[in-house]
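Peer 1: Questions regarding the structure given below will be posed in turn.
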Amino acid sequence: MNDEEHIAEGHAEDIAEEVVERRMDWALGEVLGDERAPDVVMAVMTRRAAQLVEAKQVRVTGRGGPLLNAAVLVLGLVVVAWVMFAQRGVGEAGGQDPAPDFVVAATMAELAELPTDTRAVELRDLGNDGFVALAKQCPTLERLRLRGRGPDLRSFDVLGEDGGYGELFEADLTGCSGVQDVFVAKLIQAKTMTSIAIGGTDTSAAVVQFFEMTPQLRRIDFGEAPWLTLTMVEQLLMGGKRVVVRRPDDPTFERHVAELTKRYYRQIDLPYYRPVTTLDELRALPPSVAHIELRDLGDQATLLLAGRERLRGVAYIGDAPDLSEGSMRILGEMSQLEELRIKVPKWSGNGLDHLGALVNLRKLSLLSAGAGPMAWLANLAALREARLGSPCGPDAIGALTRCRDLEVLEIPEVLAGDDELARVGEMAKLRRLRLPGEQCGPQTIAAIGRLERLESLDLSCKRSEVAGRHPMPRLRPLGKLHSLNSLTLRWTEIEPDDLLALPVSLAGLSLTWCSGLDASAGTVLRDRFPRLLTLELNEPEWLDDDALRAILAAPALEHLSITNNSNITTAVVPAIVAAKNLRHLRTWRATFLDDAAAETLRRERPDLEVTLKVW
Amino acid sequence: MTTTPLQRPARPPSMTPPAPDPEAIVRRHQTGVWRYLRAIGAPADVAEDLLQETFLVAFDKLHDVGSDAAVAAFLRRTARHLWLRGRRDAGRREQLLLEHAERAWVADCAADGGDRWLDALRDCVQRLDGRSRQVVDAFYGERRARADVARLVGLEENGLKTLLQRLRAGLRRCVDQRLGEGGER
């Protein structure tokens, strides 16, 4: 049956309707929900690498014809896909696991024949001998997988204090016998190490403290470790580490881990920047290091960076008096750069326009540049995040509107009128926005109200003891921001009605040094924001016992900060005890927490963490 | 520390034309291809897998393809083929549907991976209010079940189905109109 015959049979309308239905299913999911195109670059490239290795092995062995080769290749892909699926755990987006392009060594003889530049090796049942020999055989090893009988602490007696694995960034010890806490603690001392898997080993809960103390570690796969608690998971997530754990028999635990991961998504998956303070240290860094933080280093260090093909991110911080236009010119030629951060006091910012050539740059943070023309920002087609410390004029704002994928924008100083600043409304993909509140007039607030994807908004004003709080325009337009979960309004003056106009989706609200509210705000905060987790109320002159009792009854409140308030009395202590979800109370110059009240809280709510500052 | 003039070592001249950079191709086209897969009916989790497969299958042939638009079209063809391969049972109707979807995509999304079309839709959704907005928020935004949404707005499931049909058609007309206006400017 051909197209025309289908139309004749009356199928055409059906089909047209279904085409629209399918397209709307995608498009409205993206416009209204949290559906986004995944970033599969890493997954595809690692699978591509696996394909090439597989194909090469088939060619080298020379067995079989094209059909067999194709079959092996397809089988390889199936295995890759299966491993990726099988390794996927809670707390991890699907499809991002590295593919198994490992060379396997099951005997010491095989190990001794490995090329010295091998970068990924799987050792099977080779214990301490294999582990020690591999460090010497393959000094530039980047990925290590141990299976069967594993090494123990004695291997480090041979390898020495530096551990021998100077370029290792991934270790998979899943199911490896003999591996214990202290061995893992030693292994993760490798300064390049970012990922480790310890499921099915002889490790215990004690190993978590070592993970917490290892800043470069970014991903930990615990397998089905039964001793891992949600508190441990949260601590690790707060420290920027992605946690992968599988509990097939405990879906509730898995769901909580997924929720925690979502809560801390901003902290995790950030690359680790290797700090470098001297040129010699920089020269000695392995070529695999992709993110480098230069401390007190300028032009000379930039020259050394020029040859590093695998570099993806650079940060300049501290004192770098010689950071010149020459550095900007060289950086502009590093087309592979994805992240750049410069926080160097008294830096002129000369030559910034060279950075306009960085077509792959996704994150830009210029926190100390002098003011200058910023039209070059419009060339950064891949830019997702921009943080600009220098005052931004209309040229910078206009240029940023042309970065169509911009998701994060932080500009604490603006030299533009309300109508010019309102152009932020054209940045439709913004999820996070920080603007100086004192510069935001009604047009800007209305424009922000159109940013439907916005999740975090900071409109704090500059602190001024003399001028006091800055009156904000009416915030009613923000009520349309259904995705907004964090709002910061420091040093502003708002109307009580404004609270009723804010979106109910808020999970974090900072009204620090914010004036204009009255005691009715307590019940509004309790009733309007059912998902409110974090609330900051520094110097709230309107807050009294009744208002605080109402706030403490907010159903989801976990973190509360109240400082400098003398209207509150010890009569609220029972309400604090009764606030079962409250996990952290931060107070400062708080008159309501005397010794007796503190003792009551210690006794009645041992789970509640109270931070009390008295100065 | 002394300041010295900076000069980057010269690179040797290249004698061969640059090969297409696979990583750059993925980065450039992944959003468009994923959206296309979703728009032709692939559920989100399936679309992610198909997206990866699309690039892996296509890589070997991309060097013959040419311009950016041609690469995008080639990737879409590959993606469509992979999606259809998993739905052989759907038969001729599915093929026909995909041909229609492809024509519609080429007409208004292919040039920019759907960015402009989505922007127009976003504006149209903002114009919805009352029950219409409540329904699209709940059904598409929160992905609630049809029965749930029907209960929420006090309709029978069939009534909701009809309402959703009308809403989709209305949004489609609104988007077409906005894109038409944009084209005339």
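Peer 1: Taking only DSSP H segments of four or more residues, each worth -39500 (n - 2.57), what value at 222 nm results for the protein assembly as shown once the sum is divided by all its residues, to the nearest 500 deg cm²/dmol?
Peer 2: One gets -13000 deg cm²/dmol as the mean residue ellipticity at 222 nm.
Peer 1: Here is a further query. Going by amide H atoms built from the backbone, whose H comes under 5 Å of the H on A:Asp172, apart from near neighbours?
Peer 2: A:Leu144, A:Arg145, A:Leu146, A:Ala197
Peer 1: Could you give me the ³J(HN,Hα) list for the range A:592-606, computed from phi with Karplus coefficients 6.51, -1.76, 1.60 and θ = phi - 60°, whole Hz, x at Gly and Pro?
Peer 2: Computed from phi, the couplings for the range A:592-606 are 7, 10, 7, 4, 5, 5, 4, 5, 4, 5, 4, 6, 7, 10, x Hz.
Peer 1: While we're on this one: At 25 °C and 0.890 mPa s, grab the translational diffusion coefficient of the range B:22-111 from Stokes-Einstein with a Kirkwood Rh over Cα pairs, rounded to a whole number in µm² per second.
Peer 2: Answer from the Stokes-Einstein relation: 186 µm²/s.
Peer 1: Please give the length that would be gained between A:Thr611 and A:Arg295 if that part of the chain were fully extended, namely 0.36 nm times their separation in residues minus their C-alpha to C-alpha distance (nm, one decimal).
Peer 2: Once the chain is fully extended between A:Thr611 and A:Arg295, it gains 110.5 nm.
Peer 1: Under the 0.36 nm per residue contour assumption, what length would be gained going from the current alpha-carbon distance of A:Asp546 and A:Glu604 to full extension?
Peer 2: So the extension gain works out to 18.8 nm.
Peer 1: Let me ask you something else. Based on other C-beta atoms within 10 Å, arrange A:Tyr272, B:Tyr36 from fewest to most.
Peer 2: In order of increasing Cβ crowding within 10 Å: A:Tyr272, B:Tyr36.
Peer 1: Taking each pair of different alpha-carbon atoms in the range A:103-263 once, compute 1/r for the pair, average those values, and report the inverse of that mean as the Kirkwood hydrodynamic radius in Å to one decimal.
Peer 2: Answer for the range A:103-263: a Kirkwood hydrodynamic radius of 16.0 Å.
Peer 1: Further question on the same structure: What's the exposure ranking of A:Ser348, B:Ser132, going from fewest to most Cβ atoms within 10 Å?
Peer 2: A:Ser348, B:Ser132
Peer 1: OK, next. Along its principal axes, what span do the Cα atoms of the range A:387-540 show, with the longest given first and each in whole Å?
Peer 2: Result for the range A:387-540: principal-axis Cα extents of 43, 36, 22 Å.
Peer 1: Please compute the modelled spin-label separation between A:Asp497 and A:Asp129, points set 7 Å along Cα→Cβ, answer in nm with one decimal.
Peer 2: Label-label distance for A:Asp129 and A:Asp497, simple model: 8.3 nm.
Peer 1: Please say if the protein assembly as shown is rounded, prolate or oblate, where rounded means a/c under 1.5 for a ≥ b ≥ c the square roots of the C-alpha gyration tensor eigenvalues, and otherwise the choice is prolate for a/b larger than b/c and oblate otherwise?
Peer 2: Since a/c stays below 1.5, the shape of the protein assembly as shown is classed as rounded.
Peer 1: When the label point is put 7 Å from the Cα of A:Arg474 along its Cα-to-beta-carbon vector, which residues of the range A:499-527 have a backbone N closer than 12 Å?
Peer 2: Residues passing the 12 Å test: A:501.
Peer 1: Once you place label points 7 Å from the Cα toward the Cβ at A:Asp319 and A:Arg283, how far apart are they in nm?
Peer 2: Label at A:Asp319, label at A:Arg283, 2.4 nm between them.
Peer 1: Find the Rg to Rh ratio for the range B:57-185, where Rh is the Kirkwood radius over alpha-carbon pairs and Rg uses the same atoms.
Peer 2: A ratio of 1.06.
Peer 1: Can you tell me the FRET efficiency between A:Arg154 and A:His584 if r is taken as the Cβ-Cβ distance and R0 is 35 Å, rounded to the nearest 0.05?
Peer 2: 0.20
Peer 1: Can you tell me the Rg and the Dmax, both Å, for the Cα atoms in the range A:467-615?
Peer 2: Calculated on Cα positions, Rg and Dmax stand at 14.9, 46 Å.
Peer 1: Provide the FRET efficiency to the nearest 0.05 for the A:Asp595-A:Asp527 pair, computing r from the beta carbons and using R0 = 35 Å.
Peer 2: 0.55
Peer 1: Specify, per residue and in Å³, the volume enclosed by the convex hull of the alpha carbon atoms belonging to the range A:292-386.
Peer 2: Given the Cα convex hull of the range A:292-386, per-residue volume reads 76 Å³.
Peer 1: Using modelled backbone amide H atoms (1.01 Å from N, in-plane), which distant-in-sequence or interchain residues come within less than 5 Å of A:Leu361's amide H?
Peer 2: A:Ala382
Peer 1: Here is a further query. Compute the semi-axes of the equivalent ellipsoid of the range A:276-325, taking the square root of 5 times each eigenvalue of the Cα gyration tensor, and list them largest first in whole Å.
Peer 2: Gyration-tensor ellipsoid for the range A:276-325: 17, 11, 10 Å.
Peer 1: Within the range A:508-586, report the GluC sites (Glu not before Pro) that DSSP leaves as loop and that have at most 16 other Cβ atoms within 10 Å.
Peer 2: Within the range A:508-586, the qualifying GluC sites (Glu not before Pro) (loop, at most 16 other Cβ atoms within 10 Å) are A:Glu541, A:Glu558.
Peer 1: If you filter the range A:393-499 for GluC sites (Glu not before Pro), then keep DSSP loop positions with at most 12 other Cβ within 10 Å, what is left?
Peer 2: A:Glu465
Peer 1: Longest exposed-loop-site-free stretch of chain A, with trypsin sites (Lys or Arg not before Pro), DSSP loop and at most 11 other Cβ within 10 Å?
Peer 2: A:64-309
Peer 1: How far is the Cα center of the range A:288-323 from the Cα center of the range A:491-531, in Å?
Peer 2: Going from one Cα centre to the other spans 44 Å.
Quick note: the coordinates plus some simple rules give every number you see, no bench work behind them. Quick caveat, the model's predicted, so the values are computed rather than measured. Neighbour counts are summed over all protein chains in view; Cβ atoms, including those assigned to glycine, are modelled from backbone coordinates with ideal geometry.
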